[in-house]
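*Asks:* First the structure, then my questions, so here it is.
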Amino acid sequence: MIPGLIIAAPSSGGGKTTLTLGLLRALARRGAAPVSAKVGPDYIDPAFHAAASGAPCLNLDTWAMAPARIATQLDRQARRGRLLVVEGVMGLFDGAPADGVGGDGSTASLAALTGLPVVLVVDASGQAASAAAVVRGFASHRPDVSVAAVVFTKVGPGRHADILRKAMADSLPHIPVLGCLPRLKDLGLPSRHLGLVQALEHPDLRAFLDTAADAVEAHLDLDALTALARHAALTPPAVEATAPGHVMPPLGARIAVARDAAFAFSYPALLDDWYARGVTVTPFSPLADEAPDGMVDAIYLPGGYPELHAGRLAANRRFLKGLENAAARGAAIFGECGGYMVLGETLTDAAGIRHRMAGLLPLETSFAARRLHLGYRVATLRDDGPLGPSGASFQGHEFHYATVLSEDTARAAPLFETRDALDAEHGSQGLRRGSVMGSFVHLIASAPGPA
């Protein structure tokens, strides 16, 4: 393992992600070989992390991952760099309403499990000495979570920083203030319905990351921050390939994976698992009208933003014909969320325009009639298939705004039975017809049991 620390905050929107990106970029410029992780089921922030550090970012999720699985993830990152920076999710103690296989999914749960120290990022706008009371509350809330330092963001001009530092020195002298970042107009990140606009779509990502790194170097004590890092109190399994909780079993020996702005939501851990099992992964771009390699025995269409590109995808006949040909020869085809919508018959965009999709599953979806679907899920296979035997379960999550207009179970069988984080029944989910299958559930890890 390598030393690491966790960047957390009292709530979302306080500058945690921007600080993390600036820190990763600044450390990379120093030659410190940072690697990163993101708490929770997030696809977008990890892509920004990877751009900032130059190394893949892995997700750590105590609700969905057993401790041995998290240890494996940490060990993989240890092989890629020398210092681990973990970005938390939402507020430090925000998680699922009930524990999963390793905790409630909160940043605090991961901090307690790993023993990694927490650097608390506090938005100081609208307060001064009161900020020290916020830090005190978070530092004392759980004795098994170590808040080792604080960084204040959105600090005003004049004596604001001096007041913050004095309040901390007077009441919490054992928690150092590593820096006070002023409000910076050039460090906003554009967003859309599923969060930030993707890293690959940012108009000038390199300049943004360098500006963030400049701010971190100017206002933070980087040496003091890195000196806080500690080794995680977890031991990885002796044999990684047999570690529990893999994302999903390989769908074949050669798998084509869709990868572009419409299909960007795949976990790096999934591909790591497949590589560790000797799978050959072939990327292709549906937006560029590329067909999957005709020699593969499986195709994976991850989530993303196909609803923003529905017209273009509908016109890309080479891509759609490639899916049709693969299905005809019995190749396993699996679509998650956005990938599931594309496997359906139609997708209606935000303007109400109905677009023909692949037509491999009897499914019609709409982004014009938007409704948020959000939450952890346990998804259990109803029948034997490429994902595993009947009864095999996966920990996963749902996060989308699409509405199902039609899901014809007379022409295709439901894929999963699902339960929510409180273990309440959530109904059937997804469809399977022949070797083609999909659902709105993003699979994070196999659950304990026959999988």
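*Asks:* Hey, any hits in region 347-357 for a residue that's out of contact with any Asp or Glu (no Cβ under 8 Å at 6 or more places or on another chain) and small (Gly, Ala, Ser)?
*Replies:* yes
*Asks:* Go through (1) modelled with pLDDT of 95 or more; (2) out of contact with any Ser or Thr (no Cβ under 9 Å at 6 or more places or on another chain); (3) open to solvent by less than 70 Å² (accessible area, probe 1.4 Å) one by one and return the number of the condition Val441 breaks.
*Replies:* Every condition holds for Val441 apart from (2).
*Asks:* If I filter region 238-254 for residues that are outside any loop (DSSP other than H, G, I, E, B), modelled with pLDDT of 95 or more and either open to solvent by 20 Å² or more (accessible area, probe 1.4 Å) or among the polar types (S, T, N, Q) (or both), do I get at least one hit?
*Replies:* Among the residues of region 238-254, at least one is outside any loop (DSSP other than H, G, I, E, B), modelled with pLDDT of 95 or more and either open to solvent by 20 Å² or more (accessible area, probe 1.4 Å) or among the polar types (S, T, N, Q) (or both), which makes the answer yes.
*Asks:* Any residue at all in region 423-438 that is open to solvent by less than 40 Å² (accessible area, probe 1.4 Å), over 20 Å from Gly338 (Cα atoms) and touching a Phe, Trp or Tyr at 6+ places or on another chain (Cβ under 8 Å)?
*Replies:* The answer is no; no qualifying residue exists.
*Asks:* Out of everything in region 331-372 that is charged (D, E, K, R) and touching a helix residue (DSSP H, G or I) at 6+ places or on another chain (Cβ under 8 Å), what residue ends up being most open to solvent (accessible area, probe 1.4 Å)?
*Replies:* Arg356
*Asks:* Pick from Gly322, Gly335, Gly330: which is in contact (Cβ under 8 Å) with a residue 60 or more places away in the chain and under 16 Å from Phe284 (Cα atoms)?
*Replies:* Gly335 is the lone residue from the list that is in contact (Cβ under 8 Å) with a residue 60 or more places away in the chain and under 16 Å from Phe284 (Cα atoms).
*Asks:* Can I ask one more? Looking at (1) surrounded by 22 or more Cβ atoms within 10 Å (Cβ to Cβ); (2) touching a Ser or Thr at 6+ places or on another chain (Cβ under 8 Å); (3) over 21 Å from Asn59 (Cβ atoms), find the lone condition where Asp293 falls short.
*Replies:* That leaves (1) as the condition not met.
*Asks:* Ok, one more. When you scan region 295-309, do you find a residue that is part of a helix (DSSP H, G or I), in contact (Cβ under 8 Å) with a residue 24 or more places away in the chain, more than 27 Å from the chain's Cα centre (by Cα) and farther than 14 Å from Ile255 by Cα, even just one?
*Replies:* no
*Asks:* Ala262 passes all but one of (1) outside any loop (DSSP other than H, G, I, E, B); (2) farther than 22 Å from Ser36 by Cβ; which number fails?
*Replies:* (1)
*Asks:* For Ala298, are the conditions met, namely being buried (at least 16 other Cβ atoms within 10 Å of the Cβ), touching a helix residue (DSSP H, G or I) at 6+ places or on another chain (Cβ under 6 Å), of a type outside the set (Val, Ile, Thr) and modelled with pLDDT of 95 or more?
*Replies:* no
*Asks:* Could you tell me which numbered condition Phe394 fails, if it satisfies all but one of (1) open to solvent by 10 Å² or more (accessible area, probe 1.4 Å); (2) within 28 Å of Gly102 (Cβ to Cβ)?
*Replies:* Checking Phe394 against (1) open to solvent by 10 Å² or more (accessible area, probe 1.4 Å); (2) within 28 Å of Gly102 (Cβ to Cβ), the one that fails is (1).
*Asks:* For region 255-270, which residues satisfy the criterion of being open to solvent by less than 20 Å² (accessible area, probe 1.4 Å), over 16 Å from Ala310 (Cα atoms) and not small (Gly, Ala, Ser)?
*Replies:* Within region 255-270, Ile255, Val257, Phe265, Tyr267, Leu270 meet the criteria.
The values are calculated or read from the model by the stated rules, or taken from the named source; none is laboratory data. Fair warning: this is a prediction, and the values are worked out from it, not measured in the lab. Ideal geometry is used to build each Cβ from the backbone, glycine not excepted, and the neighbour counts take in all protein chains shown. The accessibility values were calculated without ligands, DNA or RNA, using every heavy atom of the protein model including side chains. Shrake-Rupley method; radii C 1.70, N 1.55, O 1.52, S 1.80 Å.
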